[in-house]
Amino acid sequence: MSKIAIIGAGSVGATIAYACLIRGVSNQVVLYDVNQLKVDSEVLDLNHGLQFVAPVIVEGSNDLEICKDAEIVVVTAGAKQRSGQSRMDLAAANVGIMRELIPKIAALAPQAILLMVSNPVDVMTYVAQKLSGWPAARVMGSGTVLDSSRFRFLIARRLKVAVQNVHAYIAGEHGDSEIPLWSSATVANIPLHQWAVAGHGKLSVMDRTEILQNVKTAAQQIIAGKGATNYAIGLAVARILESLLKNENRVWPVSSLMKDYHGINDVCLSVPCIVNRSGVDSLLPIPLNEAEKSGLANSGEQIRRVIAACGF
């Protein structure tokens with residue numbers, strides 16, 4: 001049995017569970033939430049669809065004991081981001097929740113990999129690593145996996161190509177100080193700055209500015225219209241989980257602890273990493289130009305200030 005425990009049965013947690021069922025990521029998915037009625041209802045709804053997916057056991061409870069001996073624990077619990085509110089505004093409230101939650105998880109599933117999704121995810125990842133005392137490789141955040149997907153989608157739409165043929169990353173904070181790695185971006189192995197295909201255009205400076213702005217404001221656009229983001233992050237986390245459990249050695253820009261990465265230390269932020277059954281296996285030494293190095297360092301400082309303000 002490969003057991004995934006999801007902490008929080010809100011829109012994000014429930015959608016992660018749903019995406020895991022559809023993809024057949026695991027044969028046991030459990031949800032924990034303090035709201036018994038909510039978690040029971042979500043689990044019942046998911047169980048009613050078991051005929052249509054690969055065999056899986058889905059259970060839920062308001063007792064954290066349900067997470068015992070999980071192989072991966074996904075944390076989505078926390079205050080909900082409101083329209084007009086930055087992810088960093090959530091830090092103090094969510095750190096308080098993690099102070100109580102993470103030590104209990106560490107005791108119940110001492111060999112697990114911890115995947116943080118709660119925002120601000122880079123701060124929560126750092127806090128979770130410190131509170132758990134686990135090796136840095138076993139504590140990661142969803143980071144800029146979703147931001148990078150948004151980035152690729154917008155580039156693909158402008159150039160009229162399939163998004164699967166775009167390779168480009170957002171790095172740094174999952175938030176306002178994130179940076180686009182334009183210098184290493186490619187489309188079908190063609191460096192993006194060289195892309196000029198008849199009928200498919202090329203990206204102007206204005207195009208790049210608009211794309212980055214839309215990546216940064218994507219969550220606010222969605223929250224303003226429907227109250228929460230859930231589908232894309234659900235799919236993103238399901239793929240990260242799949243990469244972990246199936247030992248895929250997949251490259252994802254997850255948030256993890258920096259140790260002399262382009263001179264950055266002791267802060268969690270996102271850079272492309274190899275992810276496998278051991279967790280974060282390796283941080284890739286992706287080439288950065290001077291502007292990108294400066295932007296990544298600034299992003300680290302922004303996150304570090306919030307971490308310090310939260311008492312870590």
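Using a Gaussian network model of the chain whose springs link C-alpha atoms within less than 10 Å, name the residue from ILE233, ILE57, ILE16 with the highest mean-square fluctuation.
ILE57
In square angstrom, what is the accessible area per residue of the chain with a 1.4 angstrom probe? Could you put the intermediate results ahead of the total?
Details: 13350 Å² over 312 residues.
Heavy-atom accessible area per residue stands at 43 Å².
So which residue, out of GLY199, GLY300, GLY143, gets the largest mean-square fluctuation from a GNM of the chain using Cα contacts under 10 Å as springs?
Of GLY199, GLY300, GLY143, the most mobile in the Gaussian network model is GLY199.
Gain in length, SER183 to ALA198, computed as 0.36 nm per residue apart minus the alpha-carbon separation, to one decimal in nm? Intermediate values should be presented prior to the final figure.
Details: separation 15, 0.36 × 15 = 5.40 nm, distance 2.22 nm.
Fully extending the segment from SER183 to ALA198 adds 3.2 nm.
Full extension from GLN213 to VAL161: what is 0.36 nm times the residue separation minus their Cα-Cα distance, to one decimal in nm?
Extending this stretch completely gives an extra 16.7 nm.
When the label point is put 7 Å from the Cα of GLN221 along its Cα-to-beta-carbon vector, which residues of segment 136-151 have a backbone N closer than 20 Å?
Under 20 Å, as judged by backbone N against the label point of GLN221, lie 144-151 of segment 136-151.
What nm distance separates the two modelled labels at ASN62 and GLU290, each placed 7 Å from Cα along Cα→Cβ?
Output for this residue pair reads 5.9 nm.
Please list, ordered by chain and number, the residues whose modelled amide H lies under 5 Å from the amide H of VAL254; skip anything fewer than 5 residues away on the same chain.
The answer is VAL271, CYS273.
Pick from VAL267, VAL205, VAL12: which residue has the top mean-square fluctuation in a GNM of the chain where Cα pairs under 10 Å get a spring?
Judging by the Gaussian network model, the answer is VAL205.
Top to bottom by accessible area (1.4 Å), largest first, where do SER132, SER270 land? Walk me through the numbers before you get to the answer.
Numbers: SER132 20, SER270 0 Å².
Solvent-accessible surface, decreasing: SER132, SER270.
At 7 Å along the Cα-to-beta-carbon direction for both LEU37 and ALA228, put a label point, then send me their distance in nm to one decimal.
It is 1.6 nm.
Of LYS38/LYS226; LYS38/LYS130; LYS80/LYS160; LYS68/LYS246; LYS68/LYS130; LYS3/LYS104, which ones are farther than 25 Å apart at the Cα?
Numbers: LYS38/LYS226 19 Å; LYS38/LYS130 30 Å; LYS80/LYS160 35 Å; LYS68/LYS246 21 Å; LYS68/LYS130 20 Å; LYS3/LYS104 17 Å.
Too far apart for the 25 Å limit: LYS38/LYS130; LYS80/LYS160.
When the Cα centres of segment 241-284 and segment 100-114 are compared, how far apart do they sit, in Å?
That distance is 20 Å.
Straight distance only, please: which lysines reach the Cα of LYS293 with their own Cα at less than 16 Å, same-chain residues fewer than 8 apart left out?
LYS259
Please list 3J(HN,Hα) in residue order for segment 283-289, calculated via the Karplus relation 6.51 cos²θ - 1.76 cosθ + 1.60 where θ = phi - 60°; whole Hz, with x for glycine and proline.
Those phi angles translate into 8, 7, x, 5, x, 10, 7 Hz.
Can you pull out the trypsin sites (Lys or Arg not before Pro) in segment 161-267 whose DSSP state is coil and whose Cβ has at most 16 other Cβ atoms within 10 Å? Intermediate results must be reported in sequence, preceding the final value.
On the way: sites: LYS202, ARG208, LYS216, LYS226, ARG239, LYS246, ARG250, LYS259; in loops: LYS202, LYS246.
Hits after loop and neighbour filter: LYS202, LYS246.
In whole percent, how big is the carbon plus sulfur part of the accessible area of the chain, probe 1.4 Å, protein atoms only? It would help to have the intermediate numbers written out before the result.
On the way: 7200 of 13350 Å².
So the carbon and sulfur contribution to the accessible surface is 54 percent.
Which cross-chain or sequence-distant (5 or more) residues have an amide H under 5 Å from the amide H of ALA79, H modelled 1.01 Å from N in plane?
Amide H neighbours of ALA79, under 5 Å, 5+ apart: ASN94.
With +1 on the Cβ of every Lys and Arg and -1 on the Cβ of every Asp and Glu, and nothing else charged, how large is the dipole of segment 213-302 about its Cα centre, in debye rounded to the nearest 20? If you can, show how the numbers build up before the last one.
Details: 8 positive and 8 negative charges, 80 e Å.
Value, rounded to 20: 380 debye.
At 0.36 nm per residue, minus the direct Cα-Cα distance, what do GLN28 and HIS48 gain on full extension? Give it in nm, one decimal, please.
Numbers: separation 20, 0.36 × 20 = 7.20 nm, distance 1.53 nm.
Fully extending the segment from GLN28 to HIS48 adds 5.7 nm.
Using each residue's phi in segment 164-181, evaluate 6.51 cos²θ - 1.76 cosθ + 1.60 at θ = phi - 60° and report the 3J(HN,Hα) Karplus result to the nearest Hz, with x for Gly and Pro.
Listing the rounded values in order: 5, 8, 9, 10, 7, 10, 9, 10, x, 5, 7, x, 5, 8, 4, 10, x, 8 Hz.
Counting only residues 5 or more places away or on other chains, whose amide H sits under 5 Å from the amide H of ILE57 once H atoms are built in the peptide plane?
Here GLN28, VAL29 satisfy the definition.
The values are calculated or read from the model by the stated rules, or taken from the named source; none is laboratory data. For clarity, every value in this text was computed on a predicted model and none was experimentally measured. Neighbour counts run over all protein chains shown; Cβ positions are idealised from the backbone, glycine included. The area values use the complete protein model at the heavy-atom level, side chains included, leaving out ligands, DNA and RNA. Shrake-Rupley method; radii C 1.70, N 1.55, O 1.52, S 1.80 Å.
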